[in-house]
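Structure first, commentary second.
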Amino acid sequence: MNPFFVLAIIVIYFALLMVISHFTSRNSSDESYFTGDRQSPWFLVAYGMVGAGLSGVTFVSLPGMVGNNNFYFYQFILGNVVGYLFITFVLIPIYYQLRLVSIYSYLSERFGNRTYKTGSLFFLVSQSFGAALRLLLAAKILQFAFFDKLGVPFVLSVIIILLLVWLYTNKSGIKTIVWTDTMQTTFLILGAVITIYTIISSLDLSVGQAVQKVMEHRYFDIFNWNDKSSNNFYKQFIAGILVAIAMIGLDQNMMQKTLTCKNRWDAQKNTLTYSFILAITQFLFMGLGVLLYIYAENHGITLPIGKNGALLDTDTLFPDLALNHLGLFAGIFFLLGIIAASFSSVDSALTALTTSFTYDFLDISHKSSKERKKLKNWVLLGFSGVIFIIMIAFSNIRGDVISLIFEVAGYTYGPLLGLYLFGIFTQIKVKDKFVPIICVLAPLVTYLFSAYFKKVYDFDFGFINIAVNGMLTILGLLLIKKK
């Protein structure tokens, strides 16, 4: 695809974002960046959150993932739906009752200041890695489709993307993102739908025949009952529940959007709607993955295979077919989807990181308007730098990024999960000064357990490591309870 044509797509898309930013930033107050003035329509928030929940990882990595993991990931998604019920009926009422801006303020109320800072710090680490890895995948595709052809090095490409995000989010933050996410979700879904239409047309199939082809394919295997496999149903389903609670309900990024709704009831409707739309959309992307492999098989396109027999570089399947084999129309919508993924994966993450750090560590709520603006700008710049460093450090990873993201999340969100479950379901007081030690030890011991069981018993924890991590955190808290 002609690089100047790609540039035109990027410019038009960015212009739309700037138009939205212009209109949403009018009449903005100091709080607009952090709370959206708590006036967001709930359905708009729910729909827009789908784009942030999908990101480039789902858009590219999930379709390719079925080549090595069949439809086993959908067991995890089914667990997510149950996890969203906990978020809706347990966490959201707490957040609205306390009128929180940073959700980690709850830990201060329940345990003390050190626990509060520890919880926020674990979020900052988790979100920085998650946002960087999500953006990395999208940035690599833009590099392949556009920047390489102009001789622009990858480092400079990442700087350009981060700069563009800063330009349209800097003024109004979450107030703008609620609206831009809506547009980005639309392009993400359209990218998948148009690709599916192009593939079934090229294979001369009807919609019904395409569905039948997918369901009869060897990759269409949803449930795994092998106890030792990381894809075992119970491991995936339980992990899906806990990861949803941790990565959505205990995540400032996702909850900050929910808390912009006018009241608790709207926020709860938002979360329930979002969970079902996301589950349906993820199933669509996995079906797309099977169609991509069918298309590749029919046209003699193969991926390299590793020593263990698994496919390598599954994340390149969708980009390669969309940009080089499926025609201009599919290529355009793929690029629009991946551009949407690039921006949606990092804009809300940077806003959430900025909000959490300024409220939890800089006490911005007690600063003057001028100081608030200055601190917000410097923190936003600082976290842009952090994400840049992580992206460059992981720029050579291979395989499917989505598995790596959830693996990292199991270690970084586990202590948060343990803290909140302990805080909500017990009245036990703990020695606040020892909580940071417990929260550091829990993931370390989880990692050692995981390595030991895999080596000695050939038992892979998989995504369930977040459950082990959370339980170890709870046990540690019991050891430091006050008499």
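Numbers below:
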| item | result |
| --- | --- |
| Cβ-Cβ FRET estimate between residue 159 and residue 427, R0 fixed at 45 Å, reported to 0.05 | 0.35 |
| Gyration tensor verdict on region 353-416 (Cα atoms; rounded if a/c is under 1.5, prolate if a/b is larger than b/c, oblate otherwise) | oblate |
| Surface accessible to a 1.4 Å probe, per residue, for the residues of region 101-236, Å² | 41 Å² |
| Length released on extending from residue 216 to residue 228, taking residue separation times 0.36 nm less the Cα-Cα span | 1.7 nm |
| Estimated distance in nm for a label pair at residue 264 and residue 205, the labels positioned 7 Å out from Cα along Cα-to-Cβ | 4.8 nm |
| Whole-percent carbon and sulfur share, accessible surface of region 217-337, 1.4 Å | 62 percent |
| Rounded to the nearest 20 debye, dipole of the chain from Cβ charges on Lys, Arg, Asp, Glu | 1780 debye |
| Under the span-like rule (Cα at least 27 Å along the axis, Kyte-Doolittle mean at least -0.5), DSSP H helices of the chain | 3-24, 113-142, 174-202, 264-298, 328-360, 369-393, 435-457 |
| Spatially proximal aspartates and glutamates relative to residue 213 (Cα-Cα < 19 Å; intrachain offsets below 8 disregarded) | 204, 221, 297 |
| Selected from 147, 86, 273, residue furthest toward positive end of dipole (the chain; charges at beta carbon) | 86 |
| Contour minus Cα-Cα distance for residue 395 and residue 4 (0.36 nm per residue) | 138.2 nm |
| Cβ-based net charge around residue 460, under 15 Å, with every Lys or Arg adding one and every Asp or Glu removing one | +1 |
| Simple spin-label estimate for residue 23 and residue 113 in nanometres, 7 Å along Cα-Cβ | 4.6 nm |
| Heavy-atom SASA rank of 109, 297 (probe 1.4 Å, accessible area, largest first) | 109, 297 |
| Over 26 Å between alpha carbons, listed pairs 117/376; 374/431; 117/482; 367/482; 376/481 | 374/431; 367/482; 376/481 |
| Sequence of 218, 372 when ordered by accessible area, the most exposed leading, probe 1.4 angstrom | 218, 372 |
| Accessible-area order (highest first, 1.4 angstrom probe) of the listed residues 251, 363 | 363, 251 |
| Dipole of the chain [Lys/Arg +1, Asp/Glu -1 at C-beta], most positive-end residue of 61, 357, 188 | 357 |
| Mean accessible surface per residue for region 439-483, computed with a 1.4 Å probe while every protein chain stays in place, in Å² | 62 Å² |
| Within region 439-454: backbone nitrogen closer than 13 Å to the residue 361 label point (7 Å, Cα to C-beta) | none |
| Helix-derived mean residue ellipticity, 222 nm - over the chain, DSSP H n ≥ 4, -39500 (n - 2.57), to 500 | -23500 deg cm²/dmol |
| Mean accessible surface per residue for region 302-371, computed with a 1.4 Å probe while every protein chain stays in place, in Å² | 38 Å² |
| Shape of the chain, Cα gyration tensor, a/c cut at 1.5 | oblate |
| Gained length - residue 328 relative to residue 447, 0.36 nm times residue gap less alpha-carbon distance | 38.2 nm |
| Separation of the residue 299 and residue 78 label points, Cα + 7 Å toward Cβ, nm | 3.4 nm |
| Whether region 172-307 is rounded, prolate or oblate, judged on the alpha carbon gyration tensor where a/c under 1.5 counts as rounded | oblate |
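The values are calculated or read from the model by the stated rules, or taken from the named source; none is laboratory data. The structure presented is a predicted model; accordingly, all values stated were derived computationally and were not measured. All Cβ positions, even for glycine, are placed from backbone atoms using ideal geometry, and neighbour counts span all protein chains on display. Surface areas here come from the heavy atoms of the whole protein model, side chains and all, with no ligands, DNA or RNA. Shrake-Rupley method; radii C 1.70, N 1.55, O 1.52, S 1.80 Å.
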